[in-house]
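Read the structure below first, then the notes.
The values are calculated or read from the model by the stated rules, or taken from the named source; none is laboratory data. For clarity, every value in this text was computed on a predicted model and none was experimentally measured. Methodologically, a virtual Cβ is constructed for each residue, glycine included, from the backbone with ideal geometry; neighbour enumeration extends over all protein chains shown.
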């Protein structure tokens, strides 16, 4: 009879284990701990955040759950990219007109807009557009790098709680002093932080 009870308990234990209804518990010195309470939360990785932001700008901010920063990242990169392309196209048009005017061939004429502009002005415009194109490329790279740095710093401070009020201890202290010279009473107020 004892064998059948042990066999029944074994079958019940196996069916409960396979059915998923059995939660193993661990007992340490009389304290019962469930297995689920032993799970360690995954660490928020700054390396992952910086890698995500490097692969796709804004993805690191999404990993850090700072969704409001994603439009700012794309606005900065997008605006600098727009001005880079705009200045590049103007630079190419100015350079083509400059090449056509300086080739000493009367059969090649630039577009009507550029035909009346002197060569010195065209050279100045070309330099202006080249400089602005270069600044736009620098701005685009800067926004990209700032995106990666921001994601990394946010990941480092992911669990840092700034919602708690700062510890401020207000203390009113009234001091009445008398001096030997004039017997003057003084009143003071002290704030300690």
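Quick notes
- Hey, residue 128 more than 30 Å from residue 76 (Cα to Cα) and either touching a strand residue (DSSP E or B) at 6+ places or on another chain (Cβ under 7 Å) or in a helix (DSSP H, G or I) (or both) or not: no
Rundown of residues vs (1) within 30 Å of residue 147 (Cβ to Cβ); (2) modelled with pLDDT of 95 or more, yes/no style:
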| position | (1), (2) |
| --- | --- |
| 3 | no, no |
| 12 | no, no |
| 16 | no, no |
| 41 | yes, no |
| 64 | yes, no |
| 78 | yes, yes |
| 86 | yes, yes |
| 89 | yes, yes |
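- Considering the conditions (1) free of Cβ contacts under 8 Å to residues at least 24 places away in the same chain; (2) out of contact with any helix residue (DSSP H, G or I) (no Cβ under 7 Å at 6 or more places or on another chain), residue 110 is excluded by exactly one of them, (2).
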